[in-house]
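Colleague: Before we start, here is the structure in question, set down as C-alpha cells.
No lab work stands behind these numbers, since they all come straight from the coordinates. The model shown is predicted, which means the values in this text are computed figures rather than measured ones. Heads up, the Cβs are rebuilt from the backbone with ideal geometry, glycines too, and the neighbour counts pull from every protein chain shown.
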Amino acid sequence: MGMLLGLDSRLLYTGLVALVAAGRLFELRIAARNRERLLARGGVEAAPGHYPSMVLLHSAFLTACPLEVWLLKRPFRPSLAAAMLALLLLAVALRWWVIRTLDGRWTTRIVILPGAPPVTGGPYRWIRHPNYFAVCLEIAALPLIHSAWLTAVGFSLLNALMLRVRIRAEERALAAATSYGEVFATTPRWIPGAR
C-alpha cells in the first residue's frame, strides 16, 4: 500500500472522505436554514418525492469510497491522486461559488420563490446548472483519488439518473413560477458555449 508521510494512504484517504462528508453536513445546515427562510417568504417546494433517494445516493457514495479502497485494496497512484484532488478542489470551489451567488436561495431541495427573477450572475452566466456540474465532478474525482474506479463509474451513472429526474422537476417548477424559461432559453445546461 502507498505510504504518505509515514501513514498508510488508505487512512489519509478515509480522512479526506470524512472531511468531504463534514463539508456536506455543513452545507445541509445552510440549505435547511435557507429553505425555512424561503418558505416563510412564500416559497414553494416542488417535487419533494425524489429527495430521500438523493440523500441515500450521496450517503452511499461517501460510504462506498473508502470501502472500495479498503476491501478491494485499491492502489494509491500519486499522479492520478494529484489530478483527481485538483478536480475535487475545483468542484468544491464551484459549489461554493454557486452557494455564494444564490445567497439565501441555495437549498438542497427544490424551493421556488414565485415571481422572483432567476439568478443570472456568477457561474449562471455560462451554464444553467453549475451546482450539478460540480456534483458530477466530485462523484468522479473523489473515488479516483485512491483508484476506486468502481465507485466512480457506478455512482456517476446513478447520479446521472438522479439528475435526469431532478433537473426536469426543477426546470419545470422554475418555468411555471418565474421567467426562468425566457431568461435561460439560450444558456446551455452543462457545457459553456454549447447549445
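Colleague: Go through Ala152, Pro192, Val135 and say which Cα lies farthest out towards the positive end of the charge dipole of the range 39-195; charges sit on Cβ, +1 for Lys and Arg, -1 for Asp and Glu.
Modeller: Result: Pro192, furthest along the dipole toward the positive end.
Colleague: Classify the range 132-193 from the C-alpha gyration tensor, please: rounded if a/c falls under 1.5, else prolate or oblate depending on whether a/b exceeds b/c.
Modeller: Cα axes put the range 132-193 in the prolate bin.
Colleague: Right, next: Given the C-alpha centroids of the range 101-145 and the range 34-88, what is the distance between them in whole angstrom?
Modeller: Comparing the Cα centres of the range 101-145 and the range 34-88, I get a distance of 14 Å.
Colleague: Using θ = phi - 60° and the Karplus curve 6.51 cos²θ - 1.76 cosθ + 1.60, what whole-Hz ³J(HN,Hα) does each residue of the range 26-42 get, with Gly and Pro shown as x?
Modeller: Here the 3J(HN,Hα) series is 4, 5, 4, 5, 4, 4, 5, 4, 5, 4, 4, 5, 5, 4, 5, 8, x Hz.
Colleague: Let me ask something else. Give me the net charge for the shell around Ala176: Cβ to Cβ below 14 angstrom, other residues only, Lys and Arg +1, Asp and Glu -1. Could you put the intermediate results ahead of the total?
Modeller: On the way: positive: Arg168, Arg172; negative: Glu45, Glu170, Glu171, Glu182.
Summing Lys and Arg as +1 and Asp and Glu as -1 gives -2.
Colleague: Another one. Give me the orientation-averaged projected area of the Cα convex hull of the range 29-121, in nm², one decimal. Write down the numbers at each step before the final one.
Modeller: Values: hull surface 31.6 nm².
Directional mean of the projected Cα hull area for the range 29-121 stands at 7.9 nm².
Colleague: Turning to a different aspect of this structure: Starting from the Cα gyration tensor of the range 3-183, multiply each eigenvalue by 5, take the square root, and state the resulting semi-axes largest first in whole Å. Don't skip to the answer; put the middle values down first.
Modeller: Values: eigenvalues 222, 48, 43 Å².
For the range 3-183, the ellipsoid semi-axes come out as 33, 15, 15 Å.
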